[in-house]
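So the structure is just underneath, and the comments pick up after that.
Every number here is computed from the coordinates shown, using simple stated rules; none is lab data. Here the structure is a predicted model, which means the values were calculated and not measured. Cβ: placed from backbone, ideal geometry, glycine included. Neighbour counts: every protein chain shown.
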Amino acid sequence: MEQIVRAKIIGTGSYAPPRRMTNADFEKIVDTSDEWIVSRTGIKERRIASDDVAVSDMSIKAIENAIEMSGLSNEDIDLLIVGTVTPDYKLPSAACVIQEKMNLPNATAFDIVSACTGYINGLSIASSYIQTGTYKNALVVGAEKLSSIANYNDRNTCVLFGDAAGATVLTASDGDRGVISTYMKSDGKLRELLWIKGGGSVFPIKEGYINNGFDKVMMNGSDVFKVAVKNMCYAAEKVIDDAGINASDISLIIPHQANIRIIDAIAKRLKADKSKVYINIENYGNTSAASIPLALDEANRAGRIKEGDYVLMVAFGGGLIWGSALVRW
């Protein structure tokens, strides 16, 4: 019987800037309170990068940790995918900047813009390329400097976001370990529920431009919440069904860290004990595409994942886009 080639995760890495911005700090700049933020989101603090730190800089620190764990060399990497909505420049891609800074001479490098689902979509794309034999060793990165697009006059959104980066190294492997199933879905009709209106070709920033906060994240939180819970639950169940296993077989669930109430709803739907759900939102807030690889690296380095474990990852973000991935460690 012909062996199935899978994309196996052999290295994880992450980075979060040292500066912590607490809920008490937000009480000084907008009309909010620690109790209000914690009760509605589960967030207590988030990391904020300094002005001179770019997405590429955070990504490199995460990548270095992931490559070191993998045992590969920089020359071995032949694919680099970066999920981000806050690249260093509009052009070129953050991936190309990282390729140059990291000296990844053999890598095809590109970005994907899938907001909070960026890492999941990148993982799915890299897995497909590896399964077809197009590439052998891939780096998938999720990195965001959301402080650069947060509106610090909008108390409903600014308290949510933080900066971080996460990375994983995938390699071609025979057998039953690796990415087992993935799912990606989107609905562009709902894009205005979570978006940045200004700064693109429709509303370019030019002389005389009055942005009114249009160049920052705008979100209809209550509507996003409803759509997120419904579709993240479906996405999670879809990859479990496609893999032919039961929800009870999952050893660890790593959901996008956007809101503790969304995470609780997913755990309840899957009938998963809270001990099986990895949660770090209180320390980092919503780091968009960095959220899942950051949590995955923390869980991996803390010994929360053992060989043979099924790990479920599920995310939802602007687009609107949602997706999931099931990995056997």
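Observations on the structure shown:
- Relative to the dominant Cα principal axis of the chain, helix 291-301 is inclined by about 50°.
- Sorted ascending by nearby beta carbons within 10 Å, beginning with the fewest, Val55, Val277 become Val277, Val55.
- Remark: the Asp52-Phe203 segment gains 51.7 nm on full extension, using 0.36 nm per residue and subtracting the alpha carbon distance.
- Rounded, prolate or oblate (a/c below 1.5 giving rounded, otherwise prolate when a/b exceeds b/c) for the stretch 48-158 by Cα gyration tensor: prolate
- Calculated Cα Rg over 2.2 N^0.38 Å (choose from (i) 0.95; (ii) 1.50; (iii) 1.07), label: (i)
- The H on the amide N of Leu79, modeled in the peptide plane, is under 5 Å from the matching H of Thr108, Asn137, Leu139, each at least 5 residues off or on a different chain.
- Under the convention that each Lys and Arg Cβ holds +1 and each Asp and Glu Cβ holds -1, the size of the dipole of the stretch 180-328 around its Cα centre is about 240 debye.
- Ranked list, fewest to most other Cβ atoms within 10 Å of each Cβ, for Glu68, Glu307: Glu307, Glu68
- Helix axis angle, 221-243 relative to the chain longest principal axis, alpha carbon, degrees: 0
- Table column - 3J(HN,Hα) (Hz), the stretch 19-35, Karplus curve with 6.51, -1.76, 1.60, x for Gly and Pro: 6, 9, 10, 8, 5, 5, 5, 6, 4, 7, 10, 9, 7, 7, 8, 4, 4
- Whole-angstrom gap from the stretch 225-257 to the stretch 1-80, using each part's C-alpha centre: 22
- Computed magnitude of the charge dipole of the chain (debye, nearest 20; Cβ of K, R +1, Cβ of D, E -1): 760
- Mean projection of the Cα convex hull over all viewing directions, computed for the stretch 180-328: 10.0 nm².
- In the chain, helices alone account for a calculated mean residue ellipticity at 222 nm of -9000 deg cm²/dmol, with every DSSP H run of four or more residues adding -39,500 (n - 2.57).
- Shape category assigned to the stretch 276-329 from the gyration tensor of Cα positions, a/c cut at 1.5: oblate
- Total charge dipole magnitude, the stretch 25-168, about the Cα centre, Cβ charges on Lys, Arg, Asp, Glu only, Debye to nearest 20: 320
- Tensor-based shape of the stretch 1-93 (alpha-carbon gyration tensor, a/c under 1.5 rounded, otherwise prolate or oblate): prolate
- Ranking Ile29, Leu79, Val97 by how far each Cα lies toward the positive end of the dipole of the stretch 5-176 (charges on Cβ) leaves Ile29 at the top.
- Rounded tilt (10° steps) of 118-131 against the dominant C-alpha axis of the chain: 20
- The residues Arg6, Arg177, Arg191, when put in order of fewest to most other Cβ atoms within 10 Å, stand as Arg191, Arg177, Arg6.
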